[in-house]
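The numbers here are math on the coordinates, done by the rules we state, and not lab data. Fair warning: this is a prediction, and the values are worked out from it, not measured in the lab. Every residue, glycine as well, gets a Cβ built from its backbone with ideal geometry; the counts of neighbours run over all protein chains shown.
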């Protein structure tokens, strides 16, 4: 249900340097090891609170999408650390390979997501989750089956996004858990219009973030976030084989119990690259006012934009952003 419309805040086109941020610091773990083993090691730093029936929310991609998180990595994680876990998704708002449940199931098979159960959470209906403290929504429509899980791992491919500027954990949950017809429509459109693009940039960021907050609040302490900074096209995985070529170097993975810290650290790592290496992705983020995702998460009390970056490759030492990206190599497709 739409709340009373309020003019959104501004500034989503501007990157806020670390020194200008205020507040507490969260822990963010970092590894350069982009492999199944690296994923398992960084998950183990944040997975202790995930118990009961565990959902893994990841972007399974359009047919033959080239940039999604490799299936063998996720398979290894499930077998080693999360036996019995279920990958969860929802149908899309746009017409494509995942628009209906039948199309979605076919795409899952094409892309190799067949080593554990995959729950299309809106297949059997929807449920409204409360949005606490939002200015656009008081509740958000989600895939009903989200209620079947005790814990959630947001396993996110960090990359660009044609409308959001970037897709991190916030987008993975905010768009990815909202059901394909009602919830995604609430986020993507302005009341009175069905046009996907007839929405102000920062209004879209705020609506997406309020949806993510509903998911984060629902799971409480039983949620963790891993962002994979690999194959970072300016395009989202929802563009599949039509995604723009990757030119940004691979960086590694981050993990945190704080959604804002995870996305902010991922953003900071991209900005810490040399200008020639991050120019395309930064332009995509800033031109769409993507930084509003981060500032609004902070306004909603979803976490901290200050953090300690802990290098798990070197005895859990604290490192700087520049040290983390010092040895990155140009992307080779």
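For the reader, a short list of remarks on this structure follows.
- Prolate/oblate/rounded label for the stretch 166-286 (Cα gyration tensor, a/c 1.5): oblate
- Computed FRET value (nearest 0.05) for residue 115 with residue 49, which takes r as the C-beta separation and R₀ as 25 Å: 0.55
- If the chain linking residue 103 and residue 138 were pulled fully straight, counting 0.36 nm for each residue of separation and taking away their Cα-Cα distance, it would gain 9.4 nm.
- The listed peptides 124-130, 228-234, 148-154, ordered by packing as a protection proxy, come out as 228-234, 148-154, 124-130 (highest mean of other Cβ atoms within 10 Å first).
- When each of 207, 184, 298 is scored by the number of other beta-carbon atoms lying within 10 Å, the sequence from fewest to most is 298, 184, 207.
- Among beta bridges identified by DSSP and lying wholly in the chain, the antiparallel ones come to about 50 percent.
- Put in order of Cβ neighbour count within 10 Å, fewest first, the listed residues 271, 296 become 271, 296.
- Value of relative contact order over the chain, rounded to a whole percent, pairs C-alpha under 8 Å and six or more apart: 27 percent
- Counted residue by residue at 0.36 nm each, then reduced by the alpha carbon distance between them, the extension gain from residue 35 to residue 20 reaches 2.0 nm.
- Global form of the stretch 267-331, assessed from the alpha-carbon gyration tensor, a/c cut-off 1.5: oblate
- Two-site label geometry, residue 148 and residue 287: point separation in nm, points 7 Å out along Cα→Cβ: 4.1 nm
- Legend: ranking of residues 322, 159 from fewest to most surrounding C-beta atoms inside 10 Å; resulting order 322, 159.
- Subtracting the Cα-Cα distance of residue 193 and residue 327 from their residue separation scaled by 0.36 nm leaves 43.5 nm.
- Estimated from helical segments only, the mean residue ellipticity of the chain at 222 nm is -9000 deg cm²/dmol, where each DSSP H run of four or more residues counts as -39500 (n - 2.57).
- Overall form of the stretch 24-324 per C-alpha gyration tensor (a/c, 1.5; a/b vs b/c): rounded
- What separates the Cα centres of the stretch 167-225 and the stretch 242-268 is a distance of 19 Å.
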